[in-house]
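Chemist: Pasting in a structure now, in structure tokens, and then I'll have a few things to ask.
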Amino acid sequence: MSDVAHEMQTSRAIDRSQMQVSDEVAIQITDMNKWFGQFHVLRDIDLTVYRGERIVICGPSGSGKSTLIRCINHLEEHQAGRIVVDGIELSNDLKNIDKIRSEVGMCFQHFNLFPHLTILENCTLAPIWVRKVPKREAEETAMHYLTKVKIPDQANKYPGQLSGGQQQRVAIARSLCMRPRIMLFDEPTSALDPEMIKEVLDTMIELAEEGMTMLCVTHEMGFARQVANRVIFMDQGQIVEQNEPEEFFGNPQSERTKLFLSQILGH
Amino acid sequence: MASTVDASSRQGFKLSQLIYDTRYRSLTIQAIAMALLVLFLSWLVSNTVQNLSDLGKDFDFGFLGQRAGYDINQTLIPYTSGSSHARAAIVGILNTLLVAFLGCILATIVGVIAGVLRLSKNWLVARLMTVYVEGFRNVPLLLWIIAIFAMMTEATPQPRDFREGGTASMWLWDSVAVSNRGVYIPAPVWGPGSTALIIVFVLSIAAIIGFRRYAFRRQEATGVLLPILPVSLALFFLPSILAYFVLGGPVSLAYPELGGFNFQGGLHMRNSLIALWLALSLYTGAFIAEIVRGGILSVAKGQSEAAFALGLRPSRTMNLVILPQAMRVIIPPLISQYLNLTKNSSLAIAVGYMDARSTLGGITINQTGRELEGMLLLGLFYLVLSLIISGAMNVFNARMKLKER
């Protein structure tokens, strides 16, 4: 039971005191459609994310879950419908895209740290060039977040010298240095060795405990059960089902969800 | 392993161990290869000495001091037919250096622009660059040299067409004349006070460098980046222009003017130089374009995505994230393109450009009969030049090389 194993990994008591969902809308997606050439990747997506929500998006590969969160910070362009992030409409206006990108942090499956910069420089690059923060101050912020992800002593090393789990934690710290209000995670643990998954998940749980709005594409069902307040199941570019984790895992509604859950939990 | 070592040491050294024992095998092979090489070289030398003595020739560089007796159509230093062969060789060497230097600069500019544009999302631009790259790198350089030379000499007007009422006219407010005798451009005339002007110009360059340093230090301290490009441009032009007028215009331009059957005054760039320069630059530029394109593509897409996700603009992403990583892939093959261009300049023979090969390796050899000495010197020149270029570029590469651990 891999599920039990993951359950074990995130087994520490979770402090839910800060994890309150407000009724302020963080992200509003209405009737969003996207095509890759002829291929219809995302169909009529409607999704409202409230501030403080922790949403886990799961689904079979090719279901469009990564594409969905990549649309939110315009790494992918949507062709129809509206996306409003923090009250800013995502259009082709470069200024809006810049504003949204500096509000929304993102972590990738393959970390995508800049190999030619040290850990510290990775973390200060965007604050210095985008937020126009003095270098000293940017470095202090960076050290603060590196301490938070428990790798302050690696600050002057290069990404190539760190393990996968450490690199992903640096990637999280790098995003946090921009002080985003929303964090997107695109399969953050999929490229990691099993024993490194825990350290990354712990970092993400800490973020959740501080009330960060999080959208997370992941197959870590233990994480979903414990941290998420909503689980979304996607298939063939559509949101098939969304519910609270208890209901989602305990009483899935659609046949497709049942099949998916039986496949990922049943071995 | 331990047991075999014990066994051999117990039994003493056997001759077959030289081939079958991993400890001696490579030494044996190296010794044999070295002996063969020495044999081959000594055969080459003794053969040459033998053949030379059979022909009644000796090995002597004395011809370099003799009177050359031929004219050279493009001389960067004073030279007459009465000068020595050594001086003719130096004139040729300087001509080679001139075309190689100009070529490397233009090829880099053309190559970088074409390489970046080939990645453009604009369909037309990308296709045009593909046509340029494939057209130039898939046709022999010699054909391009001859084709451009033919265009320069056949399709351009004769000087007499520039006369009053003629069919041709000069470009850029009557300052540049493109004719079948070559291109004539204005030449600077250095009057009194021009030294002061040059000093002002050098100082303004220093000021630009100083300003960039200051701007980055200020950014570190306050976070605000001063507008580097506009200020640098202003520093580049304004002081020099101001000094020019304050000093009363110390530098003037001598424009080429039609006099008799040809243009007088100004700088004369021969068609052979222009054809060779353009052909070398466009041909090598096509290769450099591919190197630049490959270098940029070699940086994983995730790098630019991560930079975008952090809010960095595309231009900053290029400068801060993509190019530093692309440079390490670009520079080593770029070195060999510079070496190629330099050595390919010896194709100057096709259009009568008087480079080192045409003087030292051509007319001098014909006149003195010292082909062995001349060719050795010519080879030595290209070898030294290439080693200097690759040495300099390797230093540059070492400075650009990324530290990743």
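Chemist: Considering only helices (runs of 4 or more DSSP H) fully contained in region B:1-113, which possess at least 3 residues that are open to solvent by less than 80 Å² (accessible area, probe 1.4 Å) and touching a Lys or Arg at 6+ places or on another chain (Cβ under 9 Å)?
Modeler: none
Chemist: Which pairs do you get when a residue that is within 14 Å of chain A (Cβ to nearest Cβ), found in region B:324-336, comes within reach of a residue that is of a type in the set (S, T, N, Q) and open to solvent by 50 Å² or more (accessible area, probe 1.4 Å), reach meaning Cβ atoms under 8 angstrom, with the pair 6+ apart or on two chains?
Modeler: B:GLN325/B:SER298; B:ALA326/B:SER298; B:VAL329/B:SER298
Chemist: Would you mind stating whether A:SER163 is of a type in the set (Gly, Ala, Ser) and within 9 Å of chain B (Cβ to nearest Cβ)?
Modeler: no
Chemist: Whether any residue in region A:174-195 is touching a Phe, Trp or Tyr at 6+ places or on another chain (Cβ under 7 Å), assigned to a loop (DSSP other than H, G, I, E, B) and crowded, with 21+ Cβ neighbours inside 10 Å is what I want to check. Spell out how you get there, then give the answer.
Modeler: Here is the first cut: in region A:174-195, the residues touching a Phe, Trp or Tyr at 6+ places or on another chain (Cβ under 7 Å) are A:176-177, A:186.
With the extra rule that they be assigned to a loop (DSSP other than H, G, I, E, B), the set shrinks to A:177.
Checking which are crowded, with 21+ Cβ neighbours inside 10 Å leaves us with A:177.
Yes.
Chemist: If you take the residues in region A:60-111 that are within 11 Å of chain B (Cβ to nearest Cβ) and part of a strand (DSSP E or B), which one is farthest from A:HIS219 (Cα to Cα)?
Modeler: Per the criteria, the residue is A:VAL104.
Chemist: Scan region B:147-176 and report the pairs whose first residue is open to solvent by less than 80 Å² (accessible area, probe 1.4 Å) and whose second residue is polar (S, T, N, Q) and at pLDDT 85 or above, with Cβ atoms within less than 7 Å and a gap of 6+ or a chain change.
Modeler: Correct list of pairs: B:PHE149/B:ASN271; B:PHE149/B:SER272; B:MET152/B:ASN271; B:THR153/B:ASN271.
Chemist: Here's something else I'd like to know. Of everything in region A:23-59, what is small (Gly, Ala, Ser), open to solvent by less than 30 Å² (accessible area, probe 1.4 Å) and part of a loop (DSSP other than H, G, I, E, B)? Give them in sequence order. Spell out how you get there, then give the answer.
Modeler: Here is the first cut: in region A:23-59, the ones small (Gly, Ala, Ser) are A:26, A:37, A:52, A:59.
From the residues that got through so far, the ones that are open to solvent by less than 30 Å² (accessible area, probe 1.4 Å) too are A:26, A:52, A:59.
A:GLY52, A:GLY59, listed by residue number.
Each row is one residue, and each column tells you yes or no for (1) closer than 30 Å to B:THR75 by Cβ; (2) touching a residue at least 60 places away in the same chain (Cβ under 8 Å); (3) in contact with a Lys or Arg (Cβ under 6 Å, 6 or more places away or on another chain).
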| site | (1), (2), (3) |
| --- | --- |
| B:GLY210 | no, no, no |
| B:GLY223 | no, no, yes |
| B:LEU229 | no, no, no |
| B:VAL246 | no, no, no |
| B:PRO256 | yes, yes, no |
| B:SER272 | yes, yes, no |
| B:ALA275 | yes, yes, no |
| B:ALA279 | yes, yes, no |
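Chemist: On to the next question. Does B:VAL183 meet the test of being more than 14 Å from every other protein chain (Cβ to nearest Cβ), in contact (Cβ under 8 Å) with a residue 12 or more places away in the chain and open to solvent by 30 Å² or more (accessible area, probe 1.4 Å)?
Modeler: So B:VAL183 does not fit the description; no.
Chemist: Could you tell me which residue of region B:217-233 is least open to solvent (accessible area, probe 1.4 Å), considering only residues that are of a type in the set (D, E, K, R) and modelled with pLDDT of 85 or more?
Modeler: Among residues in region B:217-233 that are of a type in the set (D, E, K, R) and modelled with pLDDT of 85 or more, the one least open to solvent (accessible area, probe 1.4 Å) is B:ARG218.
Chemist: Now a separate question. Which of the residues spanning region A:159-173 are in contact (Cβ under 8 Å) with a residue 40 or more places away in the chain and open to solvent by 10 Å² or more (accessible area, probe 1.4 Å)? Lay out the reasoning, then the answer.
Modeler: Of region A:159-173, the ones in contact (Cβ under 8 Å) with a residue 40 or more places away in the chain are A:159-160, A:162, A:164, A:167-168, A:170-173.
Once the filter is applied, which keeps residues that are in contact (Cβ under 8 Å) with a residue 40 or more places away in the chain and open to solvent by 10 Å² or more (accessible area, probe 1.4 Å), region A:159-173 yields A:GLY160, A:LEU162, A:GLY164, A:GLN167.
Chemist: Still on this structure: Of everything in region A:125-151 that's in a helix (DSSP H, G or I) and open to solvent by less than 10 Å² (accessible area, probe 1.4 Å), which residue is farthest from the other protein chains (Cβ to nearest Cβ)?
Modeler: Here is the first cut: in region A:125-151, the residues in a helix (DSSP H, G or I) are A:125-129, A:135-148.
Cutting the leftovers down to open to solvent by less than 10 Å² (accessible area, probe 1.4 Å) gives us A:126-127, A:138, A:142, A:146.
Working: A:ALA126: 4, A:PRO127: 9, A:ALA138: 8, A:ALA142: 13, A:LEU146: 16 Å.
Among them, the one singled out is A:LEU146.
Chemist: Could you list, in sequence order, the residues of region B:369-388 that are modelled with pLDDT under 90 and surrounded by fewer than 18 Cβ atoms within 10 Å (Cβ to Cβ)?
Modeler: Correct list: B:GLY369, B:GLU371, B:LEU372.
Each row is one residue, and each column tells you yes or no for (1) aromatic (Phe, Trp, Tyr); (2) buried (at least 18 other Cβ atoms within 10 Å of the Cβ).
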position	(1), (2)
B:SER298	no, no
B:GLN303	no, yes
B:GLY311	no, yes
B:THR317	no, yes
B:ILE322	no, yes
B:TYR338	yes, yes
B:LEU347	no, yes
B:ASP355	no, yes
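Chemist: Any chance you could count how many residues in region B:189-204 are open to solvent by 60 Å² or more (accessible area, probe 1.4 Å) and in contact (Cβ under 8 Å) with a residue 24 or more places away in the chain? Let's see the steps before the verdict.
Modeler: Step one: list which residues in region B:189-204 are open to solvent by 60 Å² or more (accessible area, probe 1.4 Å), which gives B:189-190, B:192, B:195, B:198-199, B:201-203.
Narrowing the set further to residues that are in contact (Cβ under 8 Å) with a residue 24 or more places away in the chain leaves B:189-190, B:192, B:201, B:203.
The number of residues fulfilling the criteria is 5.
Chemist: Follow-up. Being open to solvent by less than 40 Å² (accessible area, probe 1.4 Å) and in contact with a Gly (Cβ under 6 Å, 6 or more places away or on another chain) is the filter here; which residues of region B:324-336 pass it?
Modeler: B:ALA326, B:ILE330 - these are the residues of region B:324-336 that are open to solvent by less than 40 Å² (accessible area, probe 1.4 Å) and in contact with a Gly (Cβ under 6 Å, 6 or more places away or on another chain).
The values are calculated or read from the model by the stated rules, or taken from the named source; none is laboratory data. What you are looking at is a predicted structure, and each value in this text was computed from that prediction instead of being measured. Heads up, the Cβs are rebuilt from the backbone with ideal geometry, glycines too, and the neighbour counts pull from every protein chain shown. Protein only, heavy atoms only, side chains kept; ligands, DNA and RNA dropped before computing areas. Shrake-Rupley method; radii C 1.70, N 1.55, O 1.52, S 1.80 Å.
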